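The structure appears below as structure tokens.
The values are calculated or read from the model by the stated rules, or taken from the named source; none is laboratory data. Since the model is a prediction, treat every value here as computed from it, not as a measurement. Please note: Cβ atoms are built from the backbone with ideal geometry, for glycine as well, and neighbour counts cover all protein chains shown. In case anyone asks, the SASA skips ligands and DNA or RNA and just uses the protein heavy atoms, side chains included. Shrake-Rupley method; radii C 1.70, N 1.55, O 1.52, S 1.80 Å.
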Amino acid sequence: MISISERLSEFTYGYGVVEETRRLLETVGWNAVPFLPSLVHEQEVGFDVAFSQPGAVLMLQFKLGHQLSRFRRSHPGQPIPALARPFWRFQVDNGEHQFLRLWSSEVLGAEVYYVAPRFADWARYELLFRSGQVLQHSLLITPSEIRNATPGPTAEHRIVYDRSRRYVCSDPVETTDVKVDDLVQRITARGAREDEPLASTVKRLANEQTDGRAARRLSPRQREELRERARTPVEGDAAVLALEAWLQGAQTIFVGQPVELQTG
């Protein structure tokens, strides 16, 4: 078993995914602004995106899978999924707070994805990064897909995948692969909703409450201090939302129009 984390850090992989996502969305007319944790140390907190206009909140949870050549059954009667070699695996606990927060954010209107590489070494990453194909060679799966494929009590589940297929286990359930074009189309569809500005989605997400194990949230005082330094109330909500997601390992990207293109 080879762990990609021995060769490639989650931070480096995530950087490649975020940069490609930002550039990809910009080619279709969106301004994509990733949250940077250094923002919370600035005297004035703000984002270069028009929250008063339609847009979307994109949240990415990075996972570095283990490369495998043999599928190990959880129990003797478990079916073996059809997988090419090599394939990869990561685990998700759908009763843990990180998963519940991501799933809740998806239900409340964000585009949310677990993102994992379909490769296993630094040389491959460097080649894909230089050619702008890291995202194209990555798995994208939503929390709702995982939840729908694992009915019953909360537990830890394995996500196993090769270069074209993916399964949610315990008993393998194949789910439809999400392509890069699908990601862009889903974000564009959300951004086309004239009845809801980006600010409404941000406010709803910033005030969500979720249960689960190992909850990590800002204290009321920390939230208040961050909002006080924001240029506007919605930018304070955006900072709270993105920082709490960051504390749980998720990257938030605000997608909308540049500030100078606001109307009205």
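Some notes on this structure:
- Subset of region 113-141 that is assigned to a helix (DSSP H, G or I) and open to solvent by less than 20 Å² (accessible area, probe 1.4 Å) - its residue that is farthest from residue 63 (Cα to Cα): 128
- Residue 13 falls short on exactly one of the conditions (1) surrounded by 19 or more Cβ atoms within 10 Å (Cβ to Cβ); (2) within 20 Å of residue 199 (Cβ to Cβ), and that condition is (2).
- Subset of region 147-170 (residues that are among the hydroxyl-bearing types (Ser, Thr, Tyr), open to solvent by 50 Å² or more (accessible area, probe 1.4 Å) and closer than 16 Å to residue 88 by Cβ): 164
- Qualifying residue in region 40-47 (condition: at pLDDT 95 or above and of a type in the set (S, T, N, Q)): no
- Some residue of region 87-95 being of a type in the set (Asp, Glu), touching a helix residue (DSSP H, G or I) at 6+ places or on another chain (Cβ under 7 Å) and either within 23 Å of residue 181 (Cα to Cα) or open to solvent by less than 30 Å² (accessible area, probe 1.4 Å) (or both): no
- All positions within region 142-167 that are over 16 Å from the mean Cα position of the chain (by Cα), at pLDDT 90 or above and not in a loop (DSSP other than H, G, I, E, B): 160, 161, 166, 167
Conditions tested, residue by residue: (1) open to solvent by 30 Å² or more (accessible area, probe 1.4 Å); (2) in contact with a strand residue (DSSP E or B) (Cβ under 7 Å, 6 or more places away or on another chain).
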site: 172; (1), (2): yes, no
site: 184; (1), (2): no, no
site: 187; (1), (2): no, yes
site: 201; (1), (2): no, yes
site: 205; (1), (2): no, yes
site: 220; (1), (2): yes, no
site: 226; (1), (2): no, yes
site: 230; (1), (2): no, yes
site: 248; (1), (2): no, no
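- When residue 105 is tested against (1) of a type outside the set (Lys, Arg); (2) within 17 Å of residue 135 (Cβ to Cβ); (3) part of a helix (DSSP H, G or I), only condition (2) is not met.
- Test result for residue 109, on the phi > 0 side of the Ramachandran plot and under 20 Å from the mean Cα position of the chain (by Cα): yes
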